[in-house]
Amino acid sequence: MSETETSTVLSILRERFDAILDGWISTQSDEGVQRTDLFSHKEGREQTSSLLRAMITGIAEGDTGSRFDLSSEAWTELRTVLVDVTQERSARGVSPSDMASFVLALKGPIFFQLKERLADQAGELVEEIFFISRVIDAFAVYCTEVFIAERDRIIEQQRDQMQELSTPVVELWDKVLTLPLIGTMDSARAQEVMENLLETILQRQSEVVIVDLTGVQTVDTQVAQHMLRMASAVRLMGAECIISGISPTIAQTMVQLGVDVGEVTTRSTIRTGLADALNRVGYEIVHKAKQ
């Protein structure tokens, strides 16, 4: 559909811009998706106005017929505005359904203006309503896709942050590092932990590493193998590895699984592991009598 074929809806959008904008905002309020608890009236009006202007540009320049495609270059401005508005609203706590309703609320004011303009031209009225409905529906779908992509990005970012927090490499003493493990250990996490640990050994020129399993509830063959590979990699870096936090349950499980720790030193608690590590680097913990 060319601009000539959409002259009615396009002229209405241009000529009745303020009325449609006010109607859109009013409909948002009536449907409870205006979210004045998250946005000021000024912010909400600016977002709504920028979307409406970008839509007019897209309709004027884009192919809106059977080949209508929101991903075409003509709709670049609208896509950009939709992304900005969606991300802003998502960051402030707006739900995907509220975001879609926010966009779909535009239909009512435009339908009203079309009905007034084409009251005696039923055929053209139906055609224009069908066209603008198709366009606005596409906007709503695009907003949902952007919303989901943004949510997935935030979830992935939070997952990475949680992994960093759950596997910190801490320098307990000069040349002594500890790696307290918490939760479950899969192959991807084990690889990431190992890379982080080896990089820290190189940076700190550490001689002893304590891998503490106190926060690990269960150990299976896969977890045990990860620990042994980590210990081997530490030795290849010229450092010694002590595995601490071996509870009676974990010890029994490893025996039942037939896991051979080989030359790896194990200790029941982080306390005994630290004492051993300090001794290996030439330090001794002694009790100082009170004066």
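The values are calculated or read from the model by the stated rules, or taken from the named source; none is laboratory data. Given the structure is predicted, the values throughout are model-derived calculations rather than measurements. As a convention, Cβ positions derive from the backbone with ideal geometry for all residues, glycine included, and neighbour counts pool all protein chains shown. Heads up: the accessible areas ignore ligands, DNA and RNA and are worked out on the full protein's heavy atoms, side chains in. Shrake-Rupley method; radii C 1.70, N 1.55, O 1.52, S 1.80 Å.
Which one of these is open to solvent by less than 50 Å² (accessible area, probe 1.4 Å) and either farther than 21 Å from V81 by Cα or among the small types (G, A, S) (or both): A122, A100?
When all the criteria are applied, what remains is A100.
Which condition does E199 not pass, out of (1) within 25 Å of R159 (Cα to Cα); (2) of a type outside the set (A, V, I, L, M); (3) crowded, with 17+ Cβ neighbours inside 10 Å, if it passes all the others?
Checking E199 against (1) within 25 Å of R159 (Cα to Cα); (2) of a type outside the set (A, V, I, L, M); (3) crowded, with 17+ Cβ neighbours inside 10 Å, the one that fails is (3).
Scan the range 29-38 and tell me whether some residue there is in a helix (DSSP H, G or I) and not β-branched (V, I, T).
yes
Considering each of R35, R14 in turn, give the residue that is over 30 Å from the mean Cα position of the chain (by Cα), touching a residue at least 12 places away in the same chain (Cβ under 8 Å) and open to solvent by 50 Å² or more (accessible area, probe 1.4 Å).
None of the others qualify; the one that does is R14.
Of the conditions (1) over 22 Å from Q113 (Cβ atoms); (2) modelled with pLDDT under 85, E88 fails just one. Which one is it?
Just one mismatch for E88, condition (2).
Which one of the conditions (1) open to solvent by 80 Å² or more (accessible area, probe 1.4 Å); (2) of a type in the set (D, E); (3) part of a strand (DSSP E or B) does D212 fail to meet, given that it meets all the rest?
(1)
Take V146 and tell me if it is surrounded by 12 or more Cβ atoms within 10 Å (Cβ to Cβ), over 30 Å from D84 (Cα atoms) and modelled with pLDDT of 80 or more.
Considered against the rule, which asks whether it is surrounded by 12 or more Cβ atoms within 10 Å (Cβ to Cβ), over 30 Å from D84 (Cα atoms) and modelled with pLDDT of 80 or more, V146 comes out as no.
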